[in-house]
Amino acid sequence: MLNLKNVLLMLRFPKFINLIKTKFDETYEVLVEEILLKGCVTASELIIKVAKRLQEQKTVNILLQELKDNFNSLVTAKYVTRLSTQVTKAEELYLLPNLDLKQILTVLNGENETLSDAGIYWTINSDRFHQDLRDQLIVNSVSNKFDDNMGELIRLLLQQMYVRTDPWVSSSNPIPILEVKDIVKKRNTHPQLATFFEQYVNILEQDATGIIRKVGEASGGSFQVEIKHIFTQLTWEAVEEIVNEKFDSKASRIFRLVKLRHYIEPEQIQNLVMIPAKEVKRILYMLLEENFLVVNELKRSATSLGPSKSFTLFHIRLSQVVRTMLELCYKTLYNIMTRRCHEKYLNKRLIDKKHRVDTITHGMRVQGISGDSVLDIEEMITPPENEILERIGKMMKKLSLTELEIDETLFLLEMYLKYE
């Protein structure tokens with residue numbers, strides 16, 4: 001069967017590679033890139049493949065030892081895990097492989113050799129990458145709302161959370177704030193945070209979004225990081241923004257009012273939003289049709305006066321809205337990919353011509369040919385054709401960027417559903 005989750009995960013591969021590149025160095029990045037390309041691979045085969053790519057930069061013996069150490073580091077940090085089978089035990093998933101560098105060197109030199117870890121396959125642990133992306137999203141959100149010092153404070157709280165809490169719980173175990181203060185003073189990377197530490201903690205605690213919650217007074221106080229609450233708030237903000245973009249500011253105003261009141265009658269909405277009644281009805285039923293609102297009909301009591309036997313209440317079911325937004329994101333991704341294929345198909349002849357010209361000129365430069373000969377080949381593409389190629393390049397770049405941004409929204413919505 002088709003594993004839909006893994007298909008959609010491919011959208012996130014560039015972010016996984018960038019995350020490893022930012023956190024470690026180039027050799028780690030190439031190791032992860034090769035695993036992503038292969039899907040699953042034995043550790044020895046991976047090291048041989050990466051060594052062939054990087055052997056021009058370092059001597060082979062040093063490179064193989066470095067690659068082995070780096071692979072072990074990825075396993076220890078749980079970015080890479082054994083491919084699970086029916087007989088694989090939980091404690092074996094992150095058991096370091098027994099690698100024989102002499103065997104690997106023999107195979108690298110073109111000789112046949114049975115490798116010591118044959119049949120033991122490794123793959124990417126997407127949960128570990130998602131954990132880092134989740135933390136990055138929280139830190140960026142806090143930094144955007146307050147400043148970089150507050151972002152560093154929440155980053156350290158998350159870091160200390162892992163010492164005493166499972167990574168995917170909805171609310172962390174209590175974290176002594178003095179621990180975090182000591183780390184800030186030792187590192188001294190954010191002097192303003194060190195100077196006004198108590199004030200920053202108070203602001204974060206009193207913020208309406210409820211990012212952290214005080215649970216004890218001992219040793220300066222202990223705090224819980226409310227991960228589930230953070231993603232609920234971020235999702236609400238994303239939903240409101242999408243309603244504003246998809247419909248208009250009037251629809252956004254009505255949506256926010258329903259969110260504020262939880263349950264509200266149409267007549268109350270008309271009185272409070274200061275929009276003509278006819279327009280309010282149109283917007284309400286438009287939001288209802290698109291699954292952004294839900295209607296509840298309640299019967300009036302037998303003693304109530306008036307001709308109406310029931311009354312209507314509008315409210316928002318966030319989980320339903322999130323699933324609607326996921327569908328919108330998937331449709332948009334499909335449209336982007338279709339548009340990209342269409343543009344490539346329309347300009348296939350020109351793109352192929354450009355590719356051939358680039359290949360020829362690259363070959364000439366490798367052979368040491370330059371000057372008028374190379375220029376003559378490059379002039380095979382006329383100025384109007386260059387303009388079209390430039391336009392196509394800009395469009396492809398824009399479509400790729402949009403794809404990555406949609407994946408960010410997808411990730412946020414997936415995190416909300418995970419914690420829900």
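Using a Gaussian network for the chain with springs between C-alpha atoms less than 10 Å apart, which of these wobbles most: L234, L326, L54? Of the options given, L54 has the highest mean-square fluctuation.
Per-residue 3J(HN,Hα) values for the range 74-80, derived from phi via the Karplus relation 6.51 cos²θ - 1.76 cosθ + 1.60 with θ = phi - 60°, read 5, 5, 4, 7, 6, 6, 10 Hz in sequence order (x marks Gly and Pro).
Can you pull the Kirkwood radius for the range 192-343, inverse mean 1/r over Cα pairs, to one decimal in Å?
Taking every pair of different Cα atoms in the range 192-343, averaging 1/r and inverting gives 19.0 Å.
The H on the amide N of R317, modeled in the peptide plane, is under 5 Å from the matching H of V294, each at least 5 residues off or on a different chain. Once the C-beta distance of D352 and V60 is scaled by a Förster radius of 35 Å, the resulting FRET efficiency is 0.35 to the nearest 0.05.
Listed cross-link partners K214/K418; K21/K398; K250/K418; K5/K246; K23/K181 are compared with a 29 Å cut-off, the Cα-Cα value being larger for K250/K418.
For the range 313-331, the residues whose amide N sits under 17 Å from a probe point set 7 Å from the Cα of L399 along the beta carbon direction are 330-331.
Between 0 and 90 degrees, the angle of helix 348-366 with respect to the longest Cα principal axis of the chain falls at about 40 degrees.
Taking the Cα centre of the chain as the origin, how large is its charge dipole in debye, to the nearest 20, when only Lys and Arg (+1) and Asp and Glu (-1) carry charge on their Cβ atoms?
For this selection, approximately 1280 debye.
Taking all protein chains together, C329, C40 sort by accessible area into C40, C329, largest first [probe 1.4 Å]. Ranking D135, D127, D372 by solvent-accessible area of protein heavy atoms (1.4 Å probe, all protein chains present), from largest to smallest, gives D372, D127, D135.
Given a 1.4 Å probe and the protein chains as shown, H190 ends up with an accessible area of around 50 Å². In sequence order, the range 45-51 has phi-based couplings of 4, 5, 5, 4, 4, 5, 4 Hz under the Karplus curve 6.51 cos²θ - 1.76 cosθ + 1.60, θ = phi - 60°, and Gly or Pro positions carry x. Of the residues K353, K21, ranked by 1.4 Å probe accessible area with the largest first, the sequence reads K21, K353.
How large is the accessible surface per residue of the range 198-334, computed with a 1.4 Å probe and reported in Å² as a whole number?
Heavy-atom accessible area per residue stands at 57 Å².
When Lys and Arg each count +1 and Asp and Glu each count -1, what net charge do the other residues less than 15 Å away from E113, Cβ to Cβ, add up to? Neighbourhood net charge equals -3. When the GluC sites (Glu not before Pro) in the range 20-118 are filtered for DSSP coil states and for at most 15 other beta-carbon atoms within 10 Å of their beta-carbon, the remaining sites are E56, E111, E113.
The H on the amide N of I175, modeled in the peptide plane, is under 5 Å from the matching H of F223, Q224, each at least 5 residues off or on a different chain.
Database remark: amide H of G216 closer than 5 angstrom to the amide H of S222 (H placed geometrically; neighbours at sequence offset of 5 or more, or on other chains; Pro and chain starts carry no H). For the chain, treating each Cα as an identical point scatterer without solvent, what Debye log10 I(q)/I(0) comes out at q = 0.10, 0.11 1/Å? Here log10 of I(q) over I(0) equals -1.00, -1.12. Lys-Lys pairs in the range 50-175 that are eight or more residues apart or on separate chains and whose Cα atoms lie under 20 Å of each other come to 7. Each of R282 and D147 was given a label point 7 Å from its Cα along the Cα-to-Cβ line. The distance between the two points is 4.7 nm. Compared with the direct C-alpha span, the chain from K331 to K186 gains 47.3 nm at full extension, assuming 0.36 nm per residue. Specify the residue with the greatest mean-square fluctuation among I20, I175, I388, computed from a Gaussian network of the chain linking alpha-carbon atoms under 10 Å apart. It is I388. Electrostatic tally near R323: other residues with Cβ closer than 15 Å to its Cβ, Lys and Arg +1, Asp and Glu -1, net -1.
Rounded to the nearest Hz, the phi-derived 3J(HN,Hα) couplings of the range 174-184 under the Karplus curve 6.51 cos²θ - 1.76 cosθ + 1.60 (θ = phi - 60°) are x, 10, x, 5, 5, 4, 5, 4, 4, 5, 4, where x marks glycine and proline.
Our helix-only sum for the chain, with -39,500 (n - 2.57) per DSSP H run of n ≥ 4 divided by its residues, gives a mean residue ellipticity at 222 nm of -21500 deg cm²/dmol.
Among the protein heavy atoms of the chain, carbon and sulfur supply 53% of the accessible surface, probe 1.4 Å, non-protein parts ignored.
The values are calculated or read from the model by the stated rules, or taken from the named source; none is laboratory data. Just so you know, these numbers come straight off a predicted model, no measurement behind them. As a convention, Cβ positions derive from the backbone with ideal geometry for all residues, glycine included, and neighbour counts pool all protein chains shown. Keep in mind that these areas ignore ligands, DNA and RNA; they rest on the heavy atoms of the full protein, side chains included. Shrake-Rupley method; radii C 1.70, N 1.55, O 1.52, S 1.80 Å.
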